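Structure first, then comments.
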Protein chains: 4
Amino acid sequence: MKIVALVGSLRKDSYNMQLVKTIEKRYSHLFKLEIADIGILPHYNEDDEKTPSEEVKQFKHQIAEADAVIISTPEFNWSVPGALKNALDWTSRVDRPLVGKPVLPMGVSQGALGTVRAQLHLRQVLMSMGIDAKILPPAGNEVFIGSAGQKFADGELIDEGTLTFLDKVIDNFVAFMKEQ
Amino acid sequence: MKIVALVGSLRKDSYNMQLVKTIEKRYSHLFKLEIADIGILPHYNEDDEKTPSEEVKQFKHQIAEADAVIISTPEFNWSVPGALKNALDWTSRVDRPLVGKPVLPMGVSQGALGTVRAQLHLRQVLMSMGIDAKILPPAGNEVFIGSAGQKFADGELIDEGTLTFLDKVIDNFVAFMKEQ
Amino acid sequence: MKIVALVGSLRKDSYNMQLVKTIEKRYSHLFKLEIADIGILPHYNEDDEKTPSEEVKQFKHQIAEADAVIISTPEFNWSVPGALKNALDWTSRVDRPLVGKPVLPMGVSQGALGTVRAQLHLRQVLMSMGIDAKILPPAGNEVFIGSAGQKFADGELIDEGTLTFLDKVIDNFVAFMKEQ
Amino acid sequence: MKIVALVGSLRKDSYNMQLVKTIEKRYSHLFKLEIADIGILPHYNEDDEKTPSEEVKQFKHQIAEADAVIISTPEFNWSVPGALKNALDWTSRVDRPLVGKPVLPMGVSQGALGTVRAQLHLRQVLMSMGIDAKILPPAGNEVFIGSAGQKFADGELIDEGTLTFLDKVIDNFVAFMKEQ
């Protein structure tokens with residue numbers, strides 16, 4: 001199985017990227033994880049949606065080929081980063097590769113709240129008509145990782161409690177993928 | 001008085017751009033309107049926020065110098081376009097030029113709803129801590145222009161009922177700007 | 001098949017009630033529709049959730065017995081009415097009869113927007129952990145009936161275009177119910 | 001100065017009620033706090049809005065007479081409790097006592113998140129046309145009290161860090177009230 005990960009933060013030492021890399025390594029026996037580079041996508045423009053740039057084509061193709069998608073997002077101004085919304089906007093048009101695709105939202109923050117507001121909006125966006133993804137139901141599966149400074153070291157998530165919880169969520173997501 | 005307009009759509013014949021150009025011309029006796037080019041801004045990256053590109057510097061300067069901001073947005077996937085959110089994300093950091101700045105949200109759609117969901121989220125984003133704008137209160141001032149195909153011609157808003165309503169909203173906004 | 005309808009408005013001549021009654025009659029060959037009386041439910045109180053009043057017991061039982069739920073809501077202050085949220089709050093605890101239950105949201109308004117903001121929030125609430133309903137995906141299925149004054153007469157929806165659209169949505173919902 | 005408090009939870013030992021009682025006592029030198037009983041209000045019904053029951057009349061009068069309002073809410077299903085929304089629905093009609101009234105939102109939860117989603121929606125509802133309150137801007141003023149079990153004892157908030165933070169928020173709110 002192949003999963004594509006979208007990371008909402010573009011900074012080099014992003015905790016959300018570290019989380020995704022932890023998942024790539026820790027669950028390599030369950031699936032292959034590819035990380036999409038949303039930072040190279042141009043801003044969505046309807047004039048170009050039928051003849052998009054190579055970057056957009058490859059990004060949409062990468063999602064279309066995947067069995068599922070993980071989205072790890074920081075919270076910017078009570079919402080998702082513009083760059084992440086932009087990537088989702090591209091997927092919502094023409095061939096629409098996220099329709100019916102299993103998606104697992106998650107997020108890491110330095111503050112206490114673990115991007116809860118960003119993920120609330122993300123779920124709404126993923127549910128909208130054009131995107132229409134299959135979101136993993138939230139019961140037992142909401143990944144809000146706050147206080148990142150205490151839970152990550154050397155580029156990896158190391159907090160035992162969080163890792164144990166993540167094991168369970170990933171198990172649930174893999175089962176959910178198989179049901180679709 | 002000077003107002004800066006942000007247009008959420010990047011397509012050449014955008015109705016939201018046409019609305020903003022109609023406002024520029026129709027109310028030129030009340031204020032000078034400048035249209036910011038959000039399409040040239042790079043994706044926000046925290047690593048660069050203290051040493052941003054020239055485009056970002058000029059965009060933030062343009063807002064800082066303005067007396068107020070008008071945001072006209074399409075609706076993408078029940079929310080604002082990524083490119084618009086990205087522009088707002090830049091404003092929310094370091095010098096934060098939108099703090100306390102009067103803002104008037106509006107939007108045009110080809111469908112019936114006039115971007116009501118995009119504007120609902122936009123108001124929330126503008127209210128958030130980092131942005132903290134002074135949004136014109138909605139009572140009597142919600143500009144949802146639906147069925148654009150019937151209300152615009154030759155690059156301009158021509159629907160009389162909508163123009164009369166807009167006159168009133170702009171009056172309210174100018175009064176609101178003066179109160180701040 | 002049996003469907004329970006929740007109506008968000010309590011006024012006697014509610015358009016949302018008229019819509020539900022139109023559905024009851026027009027699709028009687030497809031399902032039996034029962035209308036729940038949410039107006040008699042007490043305000044939710046955690047102290048009483050394990051020993052609720054008869055009204056609450058019967059309401060939850062009615063939902064548990066149904067194959068699906070239709071919720072028709074007005075918009076109050078950009079959201080659902082308190083009385084409707086209260087009914088949903090009761091369902092989210094102890095036996096939780098809405099978990100996995102197919103739900104079709106809809107709404108009628110006298111203004112143009114057809115309760116789009118109320119339904120946006122309703123979808124979010126229905127998706128939350130405690131309620132966890134199976135909402136009919138929105139593509140092609142969003143029922144926003146605006147300008148009610150022109151579309152209803154003698155206690156019924158009579159607008160042909162809206163009825164034709166409704167026929168399709170109900171077909172989709174019945175198919176969706178069968179898939180669950 | 002007089003402040004009216006609305007408490008979103010109706011249970012006897014509600015932490016949100018304990019928070020409000022802590023505020024009543026701790027800041028009695030700054031303002032008199034009255035606690036409104038939203039649990040006795042009937043469900044809002046448009047048919048009755050011009051001739052409401054005594055309970056509704058007194059509730060609206062209490063708000064009209066107050067200099068400001070504090071709302072302390074639990075989170076039910078990613079939103080505010082129905083009973084609280086119902087109280088706000090009543091205020092949004094006819095005499096509309098919340099228009100322009102300073103409001104401070106807050107909330108307590110047993111979990112980690114401190115009702116952040118409920119308050120996000122509450123701010124949106126308070127901002128809507130019919131209610132149109134003056135919400136204390138969120139910067140430095142977001143009161144999310146999580147892990148209540150560790151912060152309250154004998155019916156009072158006793159956590160020193162939280163109390164110190166609350167002192168600052170209340171100072172900001174009193175200053176905000178005076179500016180209006």
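The values are calculated or read from the model by the stated rules, or taken from the named source; none is laboratory data. These numbers come from a predicted model, not from an experiment. Because the Cβ atoms are built from the backbone with ideal geometry, glycine has one as well, and the counts that use them run over all protein chains shown. We work out accessible area using only protein heavy atoms, side chains counted, and drop any ligands, DNA or RNA first. Shrake-Rupley method; radii C 1.70, N 1.55, O 1.52, S 1.80 Å.
Counting only DSSP beta bridges whose two residues both lie in the protein assembly as shown, roughly 15 percent are antiparallel. When D and C come together, around 2500 square angstrom of accessible surface is lost from both chains combined, probe 1.4 Å. Residues in the range A:139-151 carry Karplus couplings, in order, of 4, x, 10, 8, 9, 10, 9, x, 6, 4, x, 8, 10 Hz; the curve used is 6.51 cos²θ - 1.76 cosθ + 1.60 with θ = phi - 60°, and Gly or Pro positions show x. For B:Lys2, a cut-off of 12 angstrom between C-alpha atoms picks up these aspartates and glutamates, skipping any fewer than 8 places away in its own chain: B:Glu24, B:Glu34, B:Glu65, B:Asp67. For a modelled paramagnetic label at C:Ala139, 7 Å from Cα along Cα-to-Cβ, the residues of the range A:97-111 in reach, with backbone nitrogen under 17 Å, are A:97-103. Beta bridges per DSSP, both residues in the range D:1-150: antiparallel share near 5 percent. Could you work out what % of the accessible surface of the protein assembly as shown is carbon and sulfur, using a 1.4 angstrom probe and leaving DNA, RNA and ligands out of the count? Roughly 47 percent, rounded to a whole number. Taking C:Thr73, C:Thr164, C:Thr115 as the candidate residues, the one with maximal mean-square fluctuation in a Gaussian network model of chain C, Cα springs under 10 Å, is C:Thr164.
Pairs spanning more than 24 Å between alpha-carbon atoms, out of D:Lys50/D:Lys178; C:Lys57/D:Lys60; A:Lys134/C:Lys178: D:Lys50/D:Lys178; C:Lys57/D:Lys60.
Peptide D:83-94 has a mean shielding of 4, counted as Cβ atoms of other protein chains within 10 Å of each residue's Cβ. Full extension of the segment from B:His61 to B:Glu49, taken as 0.36 nm per residue of separation minus the current Cα-Cα distance, would add 2.9 nm. Counted by Cβ distance under 15 Å from B:Phe144, the other residues give a net charge of +1, where Lys and Arg count +1 and Asp and Glu count -1.
Residues whose amide H comes within less than 5 Å of that of C:Lys101, counting only those at least five positions distant or on another chain, are C:Lys134 (H built at 1.01 Å from N in the peptide plane).
Computed on the protein assembly as shown, the Cα convex hull volume stands at 159 Å³ per residue. With a ≥ b ≥ c the root eigenvalues of the C-alpha gyration tensor of the range A:1-60, is it rounded (a/c under 1.5), prolate (a/b larger than b/c) or oblate? It is oblate, given that a/c is not under 1.5 and a/b is not larger than b/c. Among residues of chain C, the one whose Cβ lies closest to the rotation axis carrying chain C onto chain A, together with that distance rounded to whole Å, is C:Gln124, 3. For the range D:10-98, a/c is not less than 1.5, where a ≥ b ≥ c are the root eigenvalues of the C-alpha gyration tensor, and a/b does not top b/c. That puts it in the oblate class.
Only helices enter the 222 nm calculation for the protein assembly as shown: every DSSP H run of n ≥ 4 contributes -39,500 (n - 2.57), and dividing by all residues gives -11500 deg cm²/dmol, rounded to 500. Remark: spin-label model distance B:Val94-A:Met1 equals 4.3 nm, labels positioned 7 Å along the Cα→Cβ axis.
Summing charges over neighbours of B:Asp132, with a neighbour being any other residue whose Cβ is under 10 Å away from its Cβ, gives +3 when K and R count +1 and D and E count -1. With the label put 7 angstrom out from Cα along the Cα-to-Cβ vector, A:Lys12 ends up 4.0, 6.1, 7.3 nm from the copy partners, going from closest to farthest. In sequence order, the range C:157-162 has phi-based couplings of 6, 10, 5, 4, x, 5 Hz under the Karplus curve 6.51 cos²θ - 1.76 cosθ + 1.60, θ = phi - 60°, and Gly or Pro positions carry x. On the principal axes of its alpha carbon atoms, the range A:2-179 extends 47, 35, 26 Å, with the longest extent given first. What separates the B:Pro42 label point from its copies, with the point 7 Å along Cα to Cβ, is 1.8, 6.2, 6.3 nm, written shortest first. Proximity of backbone amide H atoms, modeled 1.01 Å from N, is registered between B:Ile70 and B:Val4, B:Ala5, B:Leu6, B:Leu104 at under 5 Å, excluding neighbours fewer than 5 places apart on the same chain.
Phi-derived couplings, Karplus 6.51 cos²θ - 1.76 cosθ + 1.60 at θ = phi - 60°, listed residue by residue for the range C:61-66: 5, 4, 5, 4, 6, 7 Hz, with x used for Gly and Pro.
Taking the Cα centre of the protein assembly as shown as reference, the dipole from Cβ charges on Lys and Arg (+1) and Asp and Glu (-1) amounts to some 0 debye. Taken about its Cα centre, the range C:41-151 carries a charge dipole of about 380 debye when Lys and Arg each add +1 at the Cβ and Asp and Glu each add -1 at the Cβ. Note on C:Asp13: accessible area approximately 90 square angstrom, rounded to 10, probe 1.4 Å, nucleic acids and ligands left out.
For the pair B:Glu34 and D:Lys168, label points projected 7 Å from Cα toward Cβ lie 3.5 nm apart. In the assembly of identical copies, A:Lys57 has its label point, taken 7 Å from Cα in the direction of the beta carbon, separated from the corresponding points by 3.7, 6.7, 7.4 nm (ascending, one decimal).
For D:Phe152, the amide hydrogen comes within under 5 Å of the amide hydrogens of D:Ile158, counting only partners 5 or more places away or on other chains and with H modelled in the peptide plane.
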